[in-house]
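See structure below.
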Amino acid sequence: MAEAVESPGDPGTTTPRPLFAGLSDISIPQDIPVEGEITIPVRSRVREFDSSTLNESVQNTIMRDLKAVGKKFMHVLYPRKSNTLLRDWDLWGPLILCVTLALMLQRGSVDSEKDGGPQFAEVFVIVWFGAVTITLNSKLLGGNISFFQSLCVLGYCILPLTMAMLVCRLVLLAEPGPVNFMVRLFVVIIMFAWSIVASTAFLADSQPPNRKALAVYPVFLFYFVISWMILTFTPQ
């Protein structure tokens, strides 16, 4: 908008003048106080304080981590499509399961040359090397999952096979025979299928639709090798 102003040289003509042309001549005193207050909402402060772990005790930190591991175990026992294992990944659960499985697979031989040490290292290396290989295969196929997220899922899904190993150890306390083997075979097959279903429930959506079979096949082999080690285990 502009305001018409009569030209001094020609009384009959007018020239437009900007509407806010005189504002540049107005000076504002520097001593005028600026009123108001910038505050952070109380809820934001409480949320920020709660999310910080610097002020919590070591006991609270350990209990919080144990609860998180327990929740992930429940997601594996009741597999369903969820992003919990992918979003809040950790390697504590896989480490616990791997060490437990390796300890139960030790034969406990009295011989100094076969004292169970190689069996522990063998299981430990097979589990972690297999999980890393499957993760690299998933990344090469174009999966949208990170390296540690895949390790987390594969490690937590060993839980059914660890339970199968515990049951087999208890069954082996009885007299060996065909019935004993059939019971162990049934338990291992059920837990093997459980591990496959649980892992694919978390990893299937992270792969391209036309490459899901290529991503699931190494997972099948990974859990099959562990299942075979459990089934063929015989204490000495």
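Scanning region 124-167 for residues that are farther than 23 Å from Pro235 by Cβ and among the small types (Gly, Ala, Ser) yields Gly130, Ala131, Ser138, Gly142, Gly143, Ser146, Ser150, Gly155. Of the helices (runs of 4 or more DSSP H) that lie entirely inside region 140-236, those containing 2 or more residues that are farther than 24 Å from Phe73 by Cβ span 178-203, 212-231. Being under 12 Å from Phe222 (Cβ atoms), surrounded by 14 or more Cβ atoms within 10 Å (Cβ to Cβ), more than 16 Å from the chain's Cα centre (by Cα) and at pLDDT 90 or above is a condition met by at least one residue of region 148-164.
The values are calculated or read from the model by the stated rules, or taken from the named source; none is laboratory data. Bear in mind the structure is a predicted one, so any value in this text is a computation, not a measurement. Don't worry about glycine lacking a Cβ; one is built from the backbone with ideal geometry, like all the others, and counts go over all protein chains shown.
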